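Take a look at the structure below.
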Amino acid sequence: MSISADIGVTGLAVMGRNLARNFARHGYRVAVHNRTPARTTALVDEFGHEGTLVAAETTKDMVASLARPRRLVIMVKAGEPTDAVIAEFAPLMEEGDLIIDGGNAHFADTRRRERELRKQGIHFVGVGISGGEEGALHGPSIMPGGSAESYTALGPMLESVAAKASDGTPCTTHVGADGAGHFVKMVHNGIEYADMQLIAEAYHLLREVAGYSPAQIADIFRTWNEGRLDSYLMEVSAEVLAHTDPATGAPFVDVVTDQAEQKGTGRWTVQTAMDLGVPVSGIAEAVFARSLSGHAGLRAAAADLSGPSPKPLTSGAEQFAAQVEQALYASKVVSYAQGWNMIQAGSAEYGWDIGLGDVAAIWRAGCIIRAVFLDRIRDAYTADPTLPTLLVDDGFAASIGQAQDDWRDVVATATRRGVPTPGFAAALSYYDALRAGRLPAALTQAQRDFFGAHTYRRVDREGVFHTLWGGDRTEVTAG
Ligand code: 6PG
């Protein structure tokens, strides 16, 4: 009889392979399976010395090798490939078993799968896993959804293989029921896009306005990475900016085409935010900036349009860099605040009761947006779980108060000099709109009523009204 494995991993591309190794290194007996058996054999041959890796040639062998309740992790492409693997394994599983999807699935798919498999008594657990290949091997941030019962069976194992924050706590927790884990992972990726866009805009300003070289900007980013902007993405940005292309000797960033791609999780975040009615302008501008960069033909056609060509400052570069740091931090706070508002909205919409401080806590290590900054977010929501937005947390409000003159100067300078900063500008406009006493939306309502009789409310009394624009313009009660 084959060894009874504690957990099984099917889908042995790099993420799946590294996750299996991570479990094995932590003393678990891991059954491994791949559609191409040669990949299974190769994994056991190469890394079997790290722990107990049990090769399963077929789906039947895989299921037979798992101790009850069976824990089967699927690590294949999101969408149809995941449905296909579920269809293969589910008929062989029994009540109380777990099928765990560690891919970047859309949370709506996870909710559907969880609903369907629940009829068979199987726990379907959508798990967001962040940290890339290195994270999967050495400790990712893990965001499991699914039933509370499934977390009882799976949680301790995830806690042992997850990244650990500086205070030693594992970067995983039961995020909420059904698709909550994949929802939060999706928002993580949306915030990742916004963060990357803001750093890119800071780089662009330091290059085009302050006139620094990539190597000099790498040094500036390394300095910022010692302070409140300390983050994995800041560290990565400094590394790639310091890198010289071996083939040409030019700065590496100058030989990379300036057309950003995207697998789609950032786009999903914005689409879902539209459905939930949550303004995530920082994430949206990041997605659109990637899309715009990819429209080579459109950009070529627009290349000769009139406008200022960015030219470096003749003095004050250092002072400008300090202003950019302020603008970057303030814009980052806004984008993260928007991301958390989205988590709040999703949690309310789907009844997940997500711990907002818990999410910050499990993102402190292992994931792509890991940063010191997340400690502050965790503390803010621990102090007040009902915080309507991070922007009104005393600490963040004070930071933005100190930053905003520089923030406004940087956006104004960028605008005057023709340097696109959609993320910085969107964050500043969001901030100003949120705190505005009156918004021009009143005119929007009046326009809608004029051409579409869509009605409006008044500031001075209850009710819904319509003005007879085509007649004597008297106002009637509409509802
Ligand atoms: C992570 C990453 C990962 C994502 C890559 C590529 O959390 O480990 O976010 O999930 O797939 O970053 O994403 P894009 O191609 O959308 O940039």
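The values are calculated or read from the model by the stated rules, or taken from the named source; none is laboratory data. Computed from a predicted model, the values in this text were never measured in an experiment. Ideal geometry is used to build each Cβ from the backbone, glycine not excepted, and the neighbour counts take in all protein chains shown. Calculation scope for accessible area: heavy atoms of the full protein, side chains included, ligands and nucleic acids excluded. Shrake-Rupley method; radii C 1.70, N 1.55, O 1.52, S 1.80 Å.
What's the local net charge at residue 309, with K and R +1, D and E -1, over the other residues with C-beta under 10 Å away?
Summing Lys/Arg as +1 and Asp/Glu as -1 gives +1.
List the relative contact order of region 285-385 as a percent without decimals, with contacts defined as Cα pairs under 8 Å and 6+ residues apart.
Over region 285-385, the number comes to 15 percent.
Between residue 112 and residue 36, what is the label-to-label distance in nm when each label sits 7 Å out along the Cα-to-Cβ direction?
Going by the 7 Å Cα→Cβ label model, 2.9 nm.
Magnitude of the Cβ-charge dipole of region 1-71, K/R +1 and D/E -1, about the Cα centre, nearest 20 debye?
280 debye
Give me the number: length gained by fully extending residue 259 to residue 271, i.e. 0.36 nm times residue separation minus the C-alpha to C-alpha distance, one decimal in nm.
2.1 nm
Please work out the FRET efficiency for the pair residue 245 and residue 84, using the Cβ-Cβ distance as r and a Förster radius of 45 Å; give the result to the nearest 0.05.
0.65
What fraction of the Cα pairs in region 289-357, stated in percent, has a spacing above 18 angstrom?
For region 289-357, the fraction of Cα-Cα distances above 18 Å is 69 percent.
Could you tell me the calculated FRET efficiency between residue 392 and residue 416, based on Cβ-Cβ distance and R0 = 41 angstrom, to the nearest 0.05?
0.85
Work out the length of the dipole vector of the chain about its Cα centre, built from +1 on the beta-carbon of each Lys and Arg and -1 on the beta-carbon of each Asp and Glu, and round it to the nearest 20 debye.
640 debye
Taking all protein chains as present, what is the carbon and sulfur share of the accessible area of the chain, in % to the nearest whole number, probe 1.4 Å?
Answer for the chain is 53 percent, counting heavy atoms of protein chains only.
So, in Å, what gap is there between the alpha-carbon centers of region 176-211 and region 338-395?
15 Å
Kirkwood-based Rg over Rh for the chain (C-alpha set), two decimals?
Computed over Cα atoms, the ratio is 1.03.
I'd like the FRET efficiency for residue 445 and residue 476, computed as 1/(1 + (r/R0)^6) with the beta carbon distance as r and R0 of 22 Å, rounded to 0.05.
Approximately 0.90, to the nearest 0.05.
Under the √(5λ) rule applied to the eigenvalues of the Cα gyration tensor, what semi-axes describe the equivalent ellipsoid of region 50-108? Give them in Å, descending.
Listed largest to smallest, the semi-axes of region 50-108 are 20, 14, 11 Å.
What net charge do the residues around residue 153 carry, taking every other residue with its C-beta under 11 Å from that of residue 153, with Lys and Arg at +1 and Asp and Glu at -1?
Combined, the nearby Lys, Arg, Asp and Glu give 0.
Sort out for me the Cα centre separation of region 397-443 from region 260-317, rounded to whole Å.
Centre-to-centre distance over Cα atoms comes out at 17 Å.
Mind listing the long-range amide H neighbours of residue 71? Cut-off is under 5 Å, sequence gap 5 or more, other chains count too, H placed in the peptide plane at 1.01 Å from N.
The answer is 8, 98.
Residue by residue through region 295-302, which ³J(HN,Hα) values in whole Hz follow from phi under the Karplus form 6.51 cos²θ - 1.76 cosθ + 1.60 (θ = phi - 60°), with glycine and proline marked x?
Each residue's phi maps through the Karplus curve to give 8, 4, x, 4, 5, 5, 5, 8 Hz.
Rounded to the nearest 5, what % of the DSSP beta bridges within the chain are antiparallel ones?
Beta bridges within the chain, antiparallel portion: roughly 35 percent.
Considering Cα pairs under 8 angstrom that are at least six residues apart, work out the relative contact order of region 337-479 and quote it in whole percent.
With pairs under 8 Å counted, the relative contact order is 10 percent.
Expressed as a rounded percentage, what relative contact order does region 233-316 have, with Cα pairs under 8 Å and six or more residues apart?
22 percent
So, counting K/R as plus one and D/E as minus one, what does the shell of residues with Cβ under 12 Å around residue 87 add up to?
Local net charge: -3.
So for the chain, taking the charge dipole from beta-carbon charges (+1 Lys/Arg, -1 Asp/Glu), which of 243, 165, 64 sits furthest toward the positive end?
64
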